[in-house]
1. Which of the residues that make up region 150-171 are assigned to a helix (DSSP H, G or I) and more than 20 Å from the chain's Cα centre (by Cα)?
2. From ASP171, ASP164, ASP180, which residue is closer than 24 Å to SER61 by Cα and open to solvent by 20 Å² or more (accessible area, probe 1.4 Å)?
3. Scan region 103-118 for residues that are of a type in the set (A, V, I, L, M, F, W, C) and under 12 Å from ASN93 (Cα atoms) and jot them down.
4. Pick from region 123-139 the residues that are open to solvent by 10 Å² or more (accessible area, probe 1.4 Å) and either modelled with pLDDT under 90 or touching a strand residue (DSSP E or B) at 6+ places or on another chain (Cβ under 9 Å) (or both): which of them is farthest from ARG162 (Cα to Cα)?
5. The conditions are (1) outside any helix (DSSP H, G or I); (2) over 30 Å from ILE43 (Cα atoms), and SER176 fails exactly one of them. Which is it?
6. Given the residues ILE84, ILE59, which is the only one that is modelled with pLDDT of 85 or more and either among the aliphatic types (A, V, I, L, M) or out of contact with any Leu (no Cβ under 9 Å at 6 or more places or on another chain) (or both)?
7. From the list LEU12, LEU31, LEU1, pick out the single residue that is open to solvent by less than 50 Å² (accessible area, probe 1.4 Å) and at pLDDT 65 or above.
8. Give the residues of region 102-122 that are among the aliphatic types (A, V, I, L, M) and either open to solvent by 10 Å² or more (accessible area, probe 1.4 Å) or under 19 Å from LEU83 (Cβ atoms) (or both), sorted by residue number.
Amino acid sequence: LDTKLIDRLSHLLSAELQKNELFNSDKNFILNYILEDLLKGKIIDEETVLNKLHYLKWIKSDFFQIMVITKKASGTLDSKIPLIMKTLKTFINTDNCIIYKSDIVVFIDNEHFDNLLGKNSRFEDFLKANELNAGVSLRFTVLSECGRYYSQAVKALEIGQRYDLYISIFDNLKLSIISDSIIS
C-alpha cells in the first residue's frame with residue numbers, strides 16, 4: 001500500500017511541477033547540475049544520464065566533444081562570462097554550455113562542430129579578440145564518461161597555452177602529450 005501511495009504521489013508531484021513556471025524556467029539550472037555531476041564523475045550509469053537528459057530535452061547526437069574556454073593569461077573569466085556567453089550564442093546553442101571551475105565548458109555536437117572548428121569559422125577570431133583559449137577533447141558517445149574527456153580538453157588547453165594556440169585540439173596534440181608524459 002505504501003509503495004502504491006508513494007508512486008501515485010510522485011506522479012502528482014511531477015505533474016504539478018511541470019505546470020509551475022518557476023520549475024520550467026529553471027530547467028537550465030537542473031541541466032547544469034546534471035552536467036556538473038557528469039564532469040565530476042558522480043553519475044556512472046549511462047541509462048540514468050540519458051533518462052535525465054531526455055526529460056530536459058537535451059540535444060541528440062551521434063558524438064560529442066568537450067571544449068573548455070578560459071582566459072588567455074592566468075586568471076578567471078568571472079567578469080567576462082556574460083559578454084562571452086552572449087557572443088558565443090552566434091556560434092552554438094548556449095544550452096550546451098555550463099560554467100565549471102570558473103571556465104566555460106561546451107558540449108559540442110555534430111551540428112555545432114563546423115560552426116566552431118570548421119575552415120570558415122570565425123571562432124578563433126572571437127577567441128583572439130577576447131583573449132581566450134579553448135581546448136577540445138576527442139569525440140565520445142557515452143555521456144557518463146565525459147569526465148575523462150573533460151580532462152582531455154583541459155590537457156589540450158594547457159598545452160595550447162604553452163604554445164600560444166587559441167584553439168588546441170587533443171587529437172592534434174598527441175605527440176606533445178606523450179612527450180610530456182614521458183618527461184614527467
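The values are calculated or read from the model by the stated rules, or taken from the named source; none is laboratory data. All of these numbers come straight from a predicted model, not from anything done at the bench. Note that each Cβ is placed from the backbone with ideal geometry, even for glycine, and that neighbours are counted across all protein chains shown. These accessible areas exclude ligands, DNA and RNA; they are computed on the full protein's heavy atoms, side chains included. Shrake-Rupley method; radii C 1.70, N 1.55, O 1.52, S 1.80 Å.
1. Passing the criteria: only ARG162.
2. Of ASP171, ASP164, ASP180, the one residue that is closer than 24 Å to SER61 by Cα and open to solvent by 20 Å² or more (accessible area, probe 1.4 Å) is ASP171.
3. VAL106, PHE107, ILE108, PHE113, LEU116
4. Checked region 123-139; the qualifying residue farthest from ARG162 (Cα to Cα) is ARG139.
5. All conditions pass for SER176, except number (1).
6. Values: ILE59 fails: modelled with pLDDT of 85 or more.
Unique residue meeting the criteria: ILE84.
7. Working: LEU12 fails: open to solvent by less than 50 Å² (accessible area, probe 1.4 Å); LEU1 fails: open to solvent by less than 50 Å² (accessible area, probe 1.4 Å).
Answer to the selection: LEU31.
8. ILE104, VAL105, VAL106, LEU116, LEU117
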